[in-house]
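See structure below.
Just so you know, all these numbers are worked out from the coordinates, no wet-lab data involved. Computed from a prediction, not measured in an experiment: that's the story for all the values here. Here Cβ is always computed from backbone atoms with ideal geometry, including for glycine, and neighbour counts include all displayed protein chains.
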2 protein chains.
Amino acid sequence: MRMKTAEGNKMHYDRSICFPQGFAASAVSAGIKSNGLNDLGLVYAENGAVVASVFTLNRFQAAPVLVSRKNISSSHGKVSAILVNSGCANSLTGKSGIRSAERMLSEIARQLHVGKNTVLAASTGVIGKHLPEKSISESIPSLVAGLSVDGDTRFAQSIMTTDKFPKQVATEIRIGKETFRIGGTAKGAGMIHPNMATMLCFITTDAAVDRRVLQNALTRATDRSFNTITVDGDTSTNDTVFLLANGASGVKIKTTSEINLFTDALTVIMRELATMIVRDGEGATRFVRLKIESAANYHDAVRVGRAVGTSPLVKTAIFGGDPNWGRVLSAVGNSTANYDPSRVELNIGEVCVFKKNEPQRVDQVKLKELFSTKEIEMTVKLNAGRESAQVFTCDLSYDYVKINGEYTT
Amino acid sequence: MRMKTAEGNKMHYDRSICFPQGFAASAVSAGIKSNGLNDLGLVYAENGAVVASVFTLNRFQAAPVLVSRKNISSSHGKVSAILVNSGCANSLTGKSGIRSAERMLSEIARQLHVGKNTVLAASTGVIGKHLPEKSISESIPSLVAGLSVDGDTRFAQSIMTTDKFPKQVATEIRIGKETFRIGGTAKGAGMIHPNMATMLCFITTDAAVDRRVLQNALTRATDRSFNTITVDGDTSTNDTVFLLANGASGVKIKTTSEINLFTDALTVIMRELATMIVRDGEGATRFVRLKIESAANYHDAVRVGRAVGTSPLVKTAIFGGDPNWGRVLSAVGNSTANYDPSRVELNIGEVCVFKKNEPQRVDQVKLKELFSTKEIEMTVKLNAGRESAQVFTCDLSYDYVKINGEYTT
């Protein structure tokens, strides 16, 4: 019921972080990308906001991740702005990379007249290269001057790397007689091992949410959205999700039912962004929804989904429109989830291909057809419990190889 | 020193399982593959042999794996022959698949006049399809009649699937005034996730080795050969390694130094076969040697090597000849090994690109050249201990996608 309420809200796909009240955004070209496109973006909460965050678990952490962590800690989670660049990850750049990020955040803080430790950073692009600090510094005045309450789409475009389209979604939620808003944008398109391509996500809300509640909501929603397409502990050096809550709507999220409503709405927004990333998978030609049912627990269900969803043999078969379902079960068999292999069932669309340890008689033409559509659904029934999960993936095509073989050069 | 002795032996690349005395082999076309190539092979130890084995850890185990395990157990590890087919994995085929494998092994046993439980099976090919039992049965008389002491190359060819060349190696080892021989053959060419494509390997020796010693030697050698290109617990439904020792040379492996010599020689043979599989990686255009040095322990070193060696972003960059070394360290950062990221160093060939937490000044032209060769060597120094390992991988090319997108159809 709760999910239905949250999912029932109207979604706006042309708006994002400026849809909630009190947020402005801007974007300029600072010459970081060689193609002249906007590559520097700014999000600004005019009266400040409480922040929640999720960072990469990679052992190598990029300079913007380290600096943002420090600022969130010293500002006690009360921040004013986020500076984001694409084209250079500022990762594996040592102490000078950290100083470089700090200097730029200080400059933003100075020009916005806010505390030095209230500006956060996020970067995406090539690893091991230093930021072109001079050209970024020169661009900051026009970036700040350009802040506007309809700058969200320009911001969403400025954070793109190999993305084919900007990813935005926003919604308004009624709570009693009042309403609050949530909006978000994300970048990311690497789907063969979603873990390795940087994912950045920025979400704003004008609800008033306590810092601890905000963090719990973000952690739970991340688990049920981005972590169904990406892998905990197995991420790029830069992955970051920031959620800002400024309370501008006057709606306070306090009671358990309010917290549940807020968390569900946040989950829906983040799941929309996560599926956009899959649909924009580098070189992807087909979208795949993996339903894992009757698992012993939620994490087992996700584990099985990930094993299938990251298997290159499964993903190339899907690209080829080849109904080679044995590869799907072989991938299931490599997951560490708890189940009895002899009870596992596999459906492609509505067609059961394997059940009770036996391959089923299947119309091969029908099966081939199911593998030839743009959207493929597979259901793995583990018959080991009551939990289920959905994991989203895409196929692995020639273009994935092309895009990633030519990325820096 | 020991490794030097074993590695110093002359290798024969045109011989394999019939190089040791007392073994014969054969191969025929049984119509399992549609292209008319040989697809059914037989290895025969005329006076029987002690067997050691390593099987897939996939939760779904193919019929030949289940039947072979049972026969090894009931024969107490004393066997006579191995029947191998390509073109059909006989996996996820339920009880009828098991009965089918058993009937064919019984037929081989009958025609060879050996015990029913002394014949083992291995299969590779498409999962979820039944063996064409009738045409196989009809081929068995000519298969048995064709056994010969120079049938090893024909056997090596008959087990190929997407392999571009047969993989064989054999050597003779002097021990005091006596000599014994080891020979082996393998199939396998799937290298993006080496775990998912079936690897079969058959090794013979005419040394006399106790069953327990033989198993320990095989386990250790597998760890240091195939497990540096493939992943424990993360394999296809059919992966199998069989090692047969028939004692025909009269050389007995008993003392610690003899056991070490034998194990090292076996490791060299298996490492040769493992690197052949990498060089024949599906669509591979470059061979990559990853040296992981100064790890806290051997398994940590392998873990780091695997994280790098299975990263599609690393593998596509290598295909593109793109010196994007940040992806290599990002993959290192996702491994679960124990080390301090700030002490990690990365060399491409002899060129240090990252050290003491800082990217190094590097001649970009030189770096680009190093990435353009057919064989690339990278060294990750963890500075966390004294152990090292080598992991072998290849690039990820358009042809990988092509080969795997079209495999069953």
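The per residue volume of the convex hull around the alpha-carbon atoms of segment B:207-340 is 139 Å³. Each other copy places its own label point for A:G146 at 7.1 nm from this one, sorted shortest first, where the point lies 7 Å along the Cα-to-beta carbon line. Taken as Cα centroids, segment A:84-133 and segment B:231-299 sit 47 Å apart, rounded to the nearest whole angstrom. Cβ-Cβ distance of B:S137 and B:R343, R₀ of 45 Å, FRET efficiency by 1/(1 + (r/R0)^6): the value works out to about 0.15. Quick one: grab the alpha carbon gyration tensor of segment B:126-192, order the square roots of its eigenvalues as a ≥ b ≥ c, and give me rounded if a/c is under 1.5, else prolate or oblate depending on whether a/b is larger than b/c. It is oblate, given that a/c is not under 1.5 and a/b is not larger than b/c. Here, P(r) means the percent of Cα pairs in each 20 Å bin from 0 to the largest distance; for the protein assembly as shown it is 16, 44, 29, 11, 1.
Applied to segment B:301-316, the Karplus parametrisation 6.51 cos²θ - 1.76 cosθ + 1.60 on θ = phi - 60° returns per-residue 3J(HN,Hα) values of 4, 5, 4, 5, x, 5, 4, 6, x, 9, 6, x, 5, 5, 5, 6 Hz, with x for Gly and Pro.
To the nearest ten degrees, helix A:133-145 and the longest principal axis of the Cα atoms of chain A are 80 degrees apart. When you restrict to C-alpha pairs under 8 Å that are six or more residues apart and normalise by the size of segment B:2-279, the relative contact order lands at 27 percent. When A:H76, B:H12, A:H113 are arranged by Cβ crowding within 10 Å, least crowded first, meaning fewest neighbours, the order is A:H113, A:H76, B:H12. Placing unit charges on each Cβ (+1 for Lys and Arg, -1 for Asp and Glu) gives segment B:2-279 a dipole about its Cα centre, and among B:H130, B:T153, B:Q215 the Cα reaching farthest toward its positive end belongs to B:Q215. Counting only Cβ charges, +1 for Lys and Arg and -1 for Asp and Glu, the dipole size of the protein assembly as shown around its Cα centre is about 1120 debye. Taking the C-alpha atoms only, the angle from helix B:211-223 to the longest principal axis of chain B is near 40 degrees. Sorted from closest to farthest, the other copies place their B:T285 label points 2.0 nm away, with each point set 7 Å from Cα along Cα→Cβ. Binning the alpha carbon pair distances of chain A at 10 angstrom intervals from zero yields the distribution 5, 23, 30, 24, 13, 4, 1, 0, expressed in whole percent. Applying 1/(1 + (r/R0)^6) with r as the Cβ-Cβ distance of B:N297 and B:S34 and R0 = 35 angstrom yields a FRET efficiency of 0.15. Taking every DSSP beta bridge that has both ends in the protein assembly as shown, the antiparallel portion is near 70%. Each of A:E350, B:E178 was scored by other Cβ atoms within 10 Å of its Cβ. Listed from fewest to most, they are A:E350, B:E178. Simple rule: put +1 on each Lys or Arg Cβ and -1 on each Asp or Glu Cβ in the protein assembly as shown, find the dipole, and look at B:L313, B:C201, B:F287; the Cα lying farthest toward the positive end is B:C201.
Plainly put, the tip 7 Å out from Cα toward Cβ on A:N338 is 2.7 nm from that tip on each other copy, the closest given first. Hey, what angle do you get for helix B:63-74 against the long axis of chain B, alpha-carbon based, 0 to 90 degrees rounded to 10? That helix lies at roughly 70 degrees to the long axis.
Each Lys or Arg adds one and each Asp or Glu takes one away; over the other residues whose Cβ falls under 11 Å from the Cβ of B:L200, this sums to 0. Close amide H partners of B:I376, meaning residues 5 or more places away or on another chain with modelled amide H under 5 Å apart, are B:F287, B:V288, B:R289. Taking Cα centre as origin and charging only the Cβ of basic (Lys, Arg, +1) and acidic (Asp, Glu, -1) residues, the dipole magnitude of segment A:1-118 rounds to 360 debye.
Think of each Lys and Arg Cβ as +1 and each Asp and Glu Cβ as -1; about the Cα centre, that makes the dipole of chain B roughly 580 debye. A Förster radius of 51 Å, combined with the Cβ-Cβ distance separating A:F165 from A:S74, puts the computed FRET efficiency at roughly 0.90.
In chain B, the beta-carbon sitting nearest the axis that superposes B on A belongs to the residue given here with its distance in angstrom, B:Y398, 2. In terms of other Cβ atoms within 10 Å, A:V126, A:V67, B:V149 run from fewest to most in the order B:V149, A:V126, A:V67.
Based on the reciprocal of the average 1/r between different C-alpha atoms, the Kirkwood radius for segment B:287-405 equals 14.3 Å. Using θ = phi - 60° in the Karplus curve 6.51 cos²θ - 1.76 cosθ + 1.60, the 3J(HN,Hα) couplings for segment A:249-266 round to 6, x, 7, 9, 9, 10, 6, 4, 5, 5, 4, 5, 4, 4, 5, 5, 5, 4 Hz; x is entered for Gly and Pro.
Taking 22 Å as the limit for the C-alpha separation, the pairs B:K10/B:K167; B:K187/B:K402; A:K356/B:K402; B:K95/B:K134 exceed it in the case of A:K356/B:K402. Among beta bridges from DSSP that stay inside chain B, the antiparallel ones total about 70%. Taking 0.36 nm per residue of sequence separation and removing the Cα-Cα distance, the A:R386/A:T336 pair yields an extension gain of 16.2 nm. Estimated from helical segments only, the mean residue ellipticity of chain A at 222 nm is -10500 deg cm²/dmol, where each DSSP H run of four or more residues counts as -39500 (n - 2.57).
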